[in-house]
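Here the structure is laid out as structure tokens; the discussion comes afterwards.
The values are calculated or read from the model by the stated rules, or taken from the named source; none is laboratory data. All figures in this text were calculated on a predicted structure; none of them were measured in a lab. For neighbour counting, all protein chains shown are included, and Cβ atoms are generated from backbone atoms with ideal geometry for every residue, glycine included.
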Amino acid sequence: MKEEGIERLPGAHCYEFFATAPVFAQLAEAEPGTFYLTDFLLRHFERLVVVALGLDRHPELVGEYFRNYRRLIYLSQAPRPGAIEAARRIAERFGFAFEHRFTGYGELGTRLAGLAASEETLAWRA
């Protein structure tokens, strides 16, 4: 990615850079069997999880796919009416304990703000 001038965000996945590495490590340590939702995944849950895994056609597979999960944590980035309730319904649907954490955009937000500031500085100097 260096060839293209792109720097990868730290962390293994979006859950870590939204929550920040220390917070995500605590969450994962406290309960390894955690299913994480972001705003994007919540909005597209039916298509990306239910349909993609065939649960709409074979609901009996829920127990197989999710047998090691105990809780669902919704890591929300922006307030949206009804989102917390929708996430809670997904947790109930799969029999998970529910937790909500507002993370904002975490490392992504910090990095984007830094890039925007540097772009503004470059534009100002030109």
Sort out which residues of the range 13-46 are buried (at least 16 other Cβ atoms within 10 Å of the Cβ), modelled with pLDDT under 90 and either among the hydrophobic types (A, V, I, L, M, F, W, C) or out of contact with any helix residue (DSSP H, G or I) (no Cβ under 8 Å at 6 or more places or on another chain) (or both), and write them in order of number.
C14, F17, F18, A19
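When you go through Y69, Y74 one by one, which is the residue that is within 27 Å of A21 (Cα to Cα), among the aromatic types (F, W, Y), surrounded by 16 or more Cβ atoms within 10 Å (Cβ to Cβ) and touching a Leu at 6+ places or on another chain (Cβ under 6 Å)? It would help to see each step written out before you state the result.
On the way: Y69 fails: touching a Leu at 6+ places or on another chain (Cβ under 6 Å).
None of the other options fit; the residue is Y74.
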Kindly state which helices (runs of 4 or more DSSP H) lie completely within the range 26-119 and contain at least 3 residues that are under 21 Å from H13 (Cβ atoms), out of contact with any Lys or Arg (no Cβ under 8 Å at 6 or more places or on another chain) and free of Cβ contacts under 8 Å to residues at least 40 places away in the same chain.
39-43
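Please pick out the residue among Y65, Y15, Y69 that is among the hydroxyl-bearing types (S, T, Y) and either within 14 Å of the chain's Cα centre (by Cα) or at positive phi (or both). Full working, then the answer.
Numbers: Y65 fails: either within 14 Å of the chain's Cα centre (by Cα) or at positive phi (or both); Y69 fails: either within 14 Å of the chain's Cα centre (by Cα) or at positive phi (or both).
None of the other options fit; the residue is Y15.
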